[in-house]
Ligand SMILES: [Zn+2]
């Protein structure tokens with residue numbers, strides 16, 4: 001573990017263009033290889049827009065060609081070097097993949113350590129929450145569209161009856177969107193306490209700079225304490241203690257009002273006079 005950590009830390013210091021190797025598990029036409037290369041570049045740019053640079057210095061992407069035009073079944077691995085496996089439709093074009101979220105989601109897993117099974121909600125929550133924000137910052141979607149994804153998705157993360165907190169409730173909704181609720185609360189609270197100078201991204205950048213990538217296994221405590229050291233405020237600690245074994249519902253409608261986010265007939269609009277409008281702006285601004 002120590003040896004892996006030292007190697008990873010050395011790699012970051014060099015911070016050169018990451019070596020990305022794309023391979024296919026079956027015959028793929030040259031056009032599909034080119035589409036996959038551009039798709040990979042877009043996802044890398046989104047991750048770099050959030051983290052300031054790409055999070056690992058080498059990455060293998062293994063693509064399984066399938067029928068159709070979409071991407072599906074993405075998984076990120078850290079064992080023996082960062083690896084993403086994903087299925088991709090043989091007929092996919094740049095246009096089909098322009099709004100794809102999957103590869104950005106998987107790439108966001110690379111810059112965070114592997115946690116024990118019961119804390120997977122934090123790994124998935126980070127990828128789920130940051131993915132639309134990273135793509136908005138890279139100008140791959142509008143801030144309105146990014147917030148719409150969150151406004152529509154996050155209610156699926158609220159606790160249902162019988163919930164025993166994020167560490168003990170391993171449903172799909174609590175793992176992906178429950179983890180994302182934790183991240184949204186953390187982002188807003190860090191910004192409130194730091195005059196909007198620091199946000200969740202600074203906690204995540206600090207964790208990654210300390211060698212916390214998918215290649216290493218960490219206890220959640222280490223990620224929480226390094227994240228909090230990086231922002232200077234103990235927000236992750238407080239929210240984790242609050243949400244880990246209690247069914248905490250997040251008052252989303254009130255939060256949207258404070259952030260100045262209105263949703264009417266499926267259309268998002270912003271209210272810049274809302275008390276936390278500057279925080280909303282800072283989260284998704286390119
Ligand atoms: Zn994931």
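Here, each number is a calculation from the coordinates, and none is a lab measurement. Here the structure is a predicted model, which is why all the values come from computation and not from measurement. Every residue, glycine as well, gets a Cβ built from its backbone with ideal geometry; the counts of neighbours run over all protein chains shown.
A compact table of results
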{"item": "Contour minus Cα-Cα distance for residue 93 and residue 139 (0.36 nm per residue)", "result": "14.6 nm"}
{"item": "Dimensionless Rg/Rh of the chain - Kirkwood Rh, Rg from C-alpha atoms", "result": "0.96"}
{"item": "Sequence ranges 224-230, 21-27, ranked by mean other-Cβ count within 10 angstrom, highest first", "result": "224-230, 21-27"}
{"item": "Theoretical gain in end-to-end length, residue 209 to residue 31 [0.36 nm per residue, Cα-Cα removed]", "result": "60.4 nm"}
{"item": "Rg ratio (alpha-carbon, reference 2.2 N^0.38 Å) - the range 209-286", "result": "1.45"}
{"item": "Length-normalised contact order for the chain - Cα pairs under 8 Å, 6+ apart - percent", "result": "18"}
{"item": "Rg and Dmax of the range 117-284, Cα atoms only, in Å", "result": "15.3, 45"}
{"item": "Globularity ratio of the range 79-199, using Cα Rg and 2.2 N^0.38 Å", "result": "1.15"}
{"item": "Cβ-derived FRET efficiency at R0 30 Å, residue 79 paired with residue 278, nearest 0.05", "result": "0.10"}
{"item": "The range 151-248: C-alpha pair distances exceeding 15 Å, %", "result": "61"}
{"item": "Per-peptide average of other Cβ atoms within 10 Å, ordering 128-136, 28-36, 166-174, 40-48 highest first", "result": "128-136, 40-48, 166-174, 28-36"}
{"item": "Label zone at residue 38, where the point sits 7 Å out along the Cα-to-Cβ direction: the range 82-108 residues whose backbone N lies under 16 Å", "result": "89-100"}
{"item": "Potential lengthening between residue 225 and residue 19 on full extension [0.36 nm per residue; Cα-Cα distance subtracted]", "result": "71.1 nm"}
